[in-house]
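Asks: Let me give you the structure first, and then I'll get to my questions.
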Amino acid sequence: MLIAEHFILIATDPNTGLPAWPRRSQRAEPLAAAALLLELAALQRLSLRDAQLHADATLPLSNQLLNEALREVAMHPVSAHSAVRLVERRLGRVTQKLMDGLFQRDILHRTASRWLPWPRMRYPLRSAQARNEAVLHLQRAAAESDDMHGLALLVLVDVVGLLPAHFKAREHEAAMQRLLALSQVDAQRNETRKVIAALRAALLVD
């Protein structure tokens, strides 16, 4: 399952099917775009040189959204912040596309919000097992230093203020240590961590 899909399962209210996180200033679309870029970083398709992201698009990926995001960033080097905005703008409605994908796999329901004055789709949880697996993956990431998928998921969940809801005190401290270690982008020991750190910084600026 994609990092973005794990994030959606964790950050969406299971009953209402709507985004549910404390930091409401964080919009869903940049987060979804950043999640695709974090996936590309975990797949070692992005590198960071001179504060610019460089993409390796020589071989296609099996996921359409990832391919589209990779193709956009591969056009020319861009900063992490610009890459997030570029993917958000060019792919369009990334969150809905991801949720529709989860609906088609019977992980989410899809219903229209009839009580709102404008049309809006809701995606209540259908598979509790899938959400539990996403939360378990998040929790394991606090202790698994080489899990780049988990580290990226920690970044997203922390940015929206949901980290304390899924960790006890000691585990929360360990998770925060992993995240704080990303504070200095150039100090990271490999390219994947550098890209994750740069994307985290871009999200925190917003």
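Asks: Tell me the helices (runs of 4 or more DSSP H) entirely within segment 58-172 that contain at least 1 residues that are touching a strand residue (DSSP E or B) at 6+ places or on another chain (Cβ under 8 Å) and not β-branched (Val, Ile, Thr).
Replies: Qualifying helices (runs of 4 or more DSSP H): 64-74, 80-91, 94-104, 128-141.
Asks: From the residues in segment 111-155 that are of a type in the set (Ser, Thr, Tyr) and touching a helix residue (DSSP H, G or I) at 6+ places or on another chain (Cβ under 8 Å), which one is modelled with the lowest pLDDT?
Replies: Ranking the candidates gives 145 first.
Asks: Now for a separate question. I'm trying to understand the selection: among the residues of segment 1-27, which are small (Gly, Ala, Ser) and either closer than 13 Å to residue 102 by Cβ or buried (at least 20 other Cβ atoms within 10 Å of the Cβ) (or both)?
Replies: 4, 11, 17, listed by residue number.
Asks: Within segment 28-42, can you find the residues that are modelled with pLDDT under 95 and buried (at least 24 other Cβ atoms within 10 Å of the Cβ)?
Replies: The answer is none; no residue qualifies.
Asks: Within segment 45-59, does at least one residue satisfy the condition of being out of contact with any Phe, Trp or Tyr (no Cβ under 8 Å at 6 or more places or on another chain), free of Cβ contacts under 8 Å to residues at least 40 places away in the same chain, among the hydroxyl-bearing types (Ser, Thr, Tyr) and within 16 Å of residue 195 (Cα to Cα)?
Replies: There is no residue in segment 45-59 that is out of contact with any Phe, Trp or Tyr (no Cβ under 8 Å at 6 or more places or on another chain), free of Cβ contacts under 8 Å to residues at least 40 places away in the same chain, among the hydroxyl-bearing types (Ser, Thr, Tyr) and within 16 Å of residue 195 (Cα to Cα).
Asks: Sticking with this one: Show the residue pairs that are 6+ apart or on different chains and have beta-carbon atoms under 6 Å apart, the first residue being within segment 26-44 and in contact (Cβ under 8 Å) with a residue 40 or more places away in the chain and closer than 16 Å to residue 158 by Cβ, the second being surrounded by fewer than 24 Cβ atoms within 10 Å (Cβ to Cβ) and among the acidic types (Asp, Glu).
Replies: 30/88
Asks: While we're here: Could you identify the single residue in 158, 106 that is in contact with a Ser or Thr (Cβ under 8 Å, 6 or more places away or on another chain) and at pLDDT 95 or above?
Replies: Sole residue among the options that is in contact with a Ser or Thr (Cβ under 8 Å, 6 or more places away or on another chain) and at pLDDT 95 or above: 106.
The values are calculated or read from the model by the stated rules, or taken from the named source; none is laboratory data. Worth saying up front: this structure is predicted, and the values here are computed from it rather than measured. Positions of Cβ are generated from backbone atoms using ideal geometry, with glycine treated the same way; all protein chains shown enter the neighbour counts.
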